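Here's the structure, in structure tokens; my notes come after.
The values are calculated or read from the model by the stated rules, or taken from the named source; none is laboratory data. What you are looking at is a predicted structure, and each value in this text was computed from that prediction instead of being measured. Ideal geometry is used to build each Cβ from the backbone, glycine not excepted, and the neighbour counts take in all protein chains shown. When the accessible area is computed, the model is the full protein with side chains, heavy atoms only, and any ligands, DNA or RNA have been set aside. Shrake-Rupley method; radii C 1.70, N 1.55, O 1.52, S 1.80 Å.
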Amino acid sequence: MSKSSTKELNFRQSVDLMFNRAASFTDISPKMIEKIRVCNATYTVRFGVKLRGDIHTFVGYRSVHSEHREPVKGGIRYSLDVNQDEVEALAALMTFKTALVEVPFGGSKGGLCINPKDWSEEELERITRRFTFELARRDLIHPSLNVPAPDMGTGEREMAWMMDEYRRLNNTDINVIACVTGKPVHLSGIRGRVEATGRGVQYALREFFRHADDKKKAGLRGDLDGKKVIVQGLGNVGYHAAKFVAEEDGAKVITVIEREGVVHNPKGIKIEDLKQHMLSGEPLSDFKGGKVTDPDPKAIEGACDILIPAAMEGVINVENAHNIKAKLIIEAANGPVTAKADKILRDKGVFIIPDLYANAGGVTVSYFEWVKNIGHIRFGRMQRRNQEAKNRELVDALEAQGGIKFSRKFKSEFIEGASEVDLVRAGLDDTMRFAYGSIKEALDNKPELEDMRTAAFYRSISAVALSYQSIGL
Ligand code: GLU
């Protein structure tokens, strides 16, 4: 292999390359393609917070990639790796992700260059509130313009602080609670949001296994039951995805790759036990539910059916792509496969379910939360008991005919009206199935798109172009 072809691109260049490949199959004018590709604006803020008797300066970003729909949407990550290029690449992915799953938002992303572990909870709150204040001053957090959400290193706690800080500044706005999503349920969040990205990964996998042609391409058969899975990263997304496919679909998670080490168990790791162990603060090496070895970059190359990279971008790259043994990679993280690795894997026949589809569950349920917030009512509140009464009437009437006697279990499951979390799951499942279908449709109409990633980008670019064209751009 020549030297230049082994040189890796950065994340932003990688996303651009994937974008360009898909754009080349459209008949959209090059000028419009350029408009869609570039990030509209990136705001960098450096702010000081007095902590531990000294002033500490923090660097944060909020990038708006595309405002063809508003509000723009995307998480805020806390990590020392945060930089402008990364935030812009992630914002671009948000535009294409939301367009693909028909969530009516533009794309945005934010980041704060910080290791949350370096600070106490109280300090983090002060830093977060100050960052929120800086964003709010420029409408970069706003229920109708820009709605952040959790990402790596942030969660419900940070969203609660952000919402509260924004509320202090805008206490007459009736929609103030819709300024961020991913809030705790007791603070106007929605049930099912915490696990939404992992749940979406599970639904995407189930949908893949419903398509015989895709299974054939990947060299897989049957369904998720018994499939050997490697998960890289047991954070919020990796944990939920692994837990659901193992506990509900019978998949065998044989390896979990974490920063502190690698856990192996050919019989299948009990994900809940491992997560509880990790949360307990005990060393990973003390975990009894599998063999624990030292951190090993080669672990991602292990033999398995399905590889779920669920942590950082760029973990599958020119260095290791040739050695990857998984038949199917589902990108639970954003950008885990570089553009160059993507080409190597495609040539090897590895089937990839791309990030902009695979991890869209988070933003999809964020959309439901936002709708709930501006509607000021929990989903199902008006219908649930009405539905229950009708179902009960039907069951009673059928039993009264004689001859039929339903089991108690069937009755209780059938009669019960849909709760908020039932509706969130149904809406998410529908979204994941629909978007898979729309990628497949693009591939059927244009076989030269070849792979799911290119087809997904193709669909999204076409949708964004249509929005711009309709407003005369
Ligand atoms: N941070 C998540 C993502 O990358 C969720 C974004 C959101 O809910 O707005 O998709």
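Cβ-Cβ distance of ARG126 and ASP444, R₀ of 56 Å, FRET efficiency by 1/(1 + (r/R0)^6): the value works out to about 0.55.
Largest accessible area first, the listed residues GLU134, GLU67, GLU260 line up as GLU260, GLU67, GLU134 when surface is computed with a 1.4 Å probe on the assembled protein chains. Show log10 I(q)/I(0) for the chain at q = 0.07, 0.08 Å⁻¹, two decimals, from a solvent-free Debye sum over equal Cα scatterers. Calculated log10 I(q)/I(0) at the listed q: -0.38, -0.49. The alpha-carbon atoms of the stretch 1-126, seen along their principal axes, cover 59, 43, 23 angstrom, with the largest extent given first. The label point for ASP213 and the one for ASP118, both projected 7 Å from the Cα toward the Cβ, are 5.1 nm apart. The stretch between GLN387 and LEU187 holds 69.3 nm of extra length on full extension. This uses 0.36 nm per residue minus the Cα-Cα distance. Work out the charge dipole of the stretch 300-430 with +1 on the Cβ of Lys and Arg and -1 on the Cβ of Asp and Glu about the Cα centre, then indicate which of ALA426, GLN387, VAL350 is farthest towards its positive end. Value computed over the given set: GLN387.
In this structure, the pairs whose alpha-carbon distance is over 31 Å, taken from LYS252/LYS440; LYS227/LYS372; LYS298/LYS440, are LYS227/LYS372; LYS298/LYS440. Using the alpha-carbon positions of the stretch 162-293, Rg (one decimal) and Dmax (whole number) come out as 18.9, 58 Å. For the chain, the share of accessible area belonging to carbon and sulfur comes to 50 percent (1.4 Å probe, ligands and nucleic acids excluded). Residues whose amide H falls under 5 Å from that of GLY335, counting only those 5 or more places apart or on a different chain, are ASP355, with hydrogens built in the peptide plane.
For the chain, the solvent-accessible area works out to 45 Å² per residue, with a probe of 1.4 Å and every protein chain left in place.
Charges were assigned to the Cβ only: +1 to each Lys and Arg, -1 to each Asp and Glu. The resulting dipole of the stretch 274-374 about its Cα centre is roughly 260 debye. How far apart, in nanometres, would the label points at LYS405 and LYS50 be if each is projected 7 angstrom from Cα along the Cα-to-Cβ direction? Label at LYS405, label at LYS50, 7.7 nm between them.
The packing ranking, built from the mean of other Cβ atoms within 10 Å per residue, places the peptides 218-225, 36-43, 454-461 in the order 454-461, 36-43, 218-225, highest first.
Counted residue by residue at 0.36 nm each, then reduced by the alpha carbon distance between them, the extension gain from ILE471 to ARG137 reaches 117.4 nm.
Under a model in which nothing but the beta-carbon of Lys, Arg (+1) and Asp, Glu (-1) is charged, the stretch 178-285 shows a dipole of about 280 debye around its Cα centre. Counting heavy atoms of the protein chains alone, SER407 has an accessible area of about 60 Å² for a 1.4 Å probe. Rounded to the nearest 20, the Cβ-based charge dipole of the stretch 26-184 about its Cα centre (Lys and Arg +1, Asp and Glu -1) stands at 260 debye. Quote to one decimal, in nm, the extra length available between SER412 and ASP81 on full extension: 0.36 nm per residue of separation minus the C-alpha distance between them. Stretched fully, the SER412-ASP81 segment lengthens by 114.2 nm. Residues whose amide H lies under 5 Å from that of GLY75, counting only those 5 or more places away or on a different chain, are GLY110, ALA149; hydrogens are built 1.01 Å from N in the peptide plane. State the Cα centre-to-centre distance between the stretch 135-197 and the stretch 5-61 in whole Å. The stretch 135-197 and the stretch 5-61 have Cα centres spaced 23 Å from each other.
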